[in-house]
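None of the figures in this text is laboratory data; all of them are computed from the coordinates on show. Everything quoted here is computed from the prediction, not taken from an experiment. Using ideal geometry, Cβ is built from the backbone for each residue, glycine included, and neighbour counts are taken over all protein chains shown.
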Amino acid sequence: MENTQEKPVSFFRFEDLRIYAKATDYSSWIITNVGQPANDMQRNLINSFCHSSYDIALNIAEGSSRNKNQFEHYLKIAKSAIRECIVYTTIAANLGLFDEEKCNQSREYLMELTRMIGALIISLQRGSSRRRDEYSSDENDHEIDDTTSDIDAIDTNF
């Protein structure tokens, strides 16, 4: 008898997305690896940096409950938060809050998140174009319902 234990599916489906887990890992990494602020300006920088890192995961979670076009929009907002984190990484390194190794680790995390989001966007776009192609020959016989969440159809490897 085969012992196949399947991972239970989360009530909140975005929690099953690898990209969501990676984004929350990055936020945790920032909190534990940024240096101690020497003044209020550095403390504000760290707070803004953390906020931008949270925004990556928050936008993935929020967008996942929407239709494909809206999910794509939220993923693009998450990519904007990634770009903010790149800027904060550079500033943190310039101020000595990150050493060179941590600066490189942050950039690696952010590059991987960017690639993962890009791949998920492409997957969503392909799914949408496939649906249009399937229904284009039937013209008005079938409506495409893009108002429901499409996270069930998305590969959770992202």
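Just so you know, the Cα atoms of the stretch 1-97 work out to an Rg and Dmax of 16.7, 62 Å. Here S10 and Q125 are evaluated by their C-beta separation; at R0 = 22 Å the FRET efficiency comes out at 0.30. Here the stretch 33-57 is scanned for amide nitrogen atoms under 17 Å from the site 7 Å beyond the Cα of D99 along Cα-to-Cβ, giving 33-37.
Based on the Stokes-Einstein relation at 37 °C and a viscosity of 0.692 mPa s, and on the Kirkwood radius from alpha carbon pairs, the stretch 73-112 is assigned a translational diffusion coefficient of 317 µm²/s. The label point for I91 and the one for N69, both projected 7 Å from the Cα toward the Cβ, are 3.5 nm apart.
In this simple spin-label approximation, E62 and A38 carry label points 7 Å from Cα along the Cα→Cβ vector, and these lie 3.6 nm apart.
The HN-Hα couplings worked out from phi for the stretch 58-65 by the Karplus form 6.51 cos²θ - 1.76 cosθ + 1.60 (θ = phi - 60°) are 4, 6, 5, 5, 5, x, 5, 8 Hz, whole numbers, x standing for Gly and Pro.
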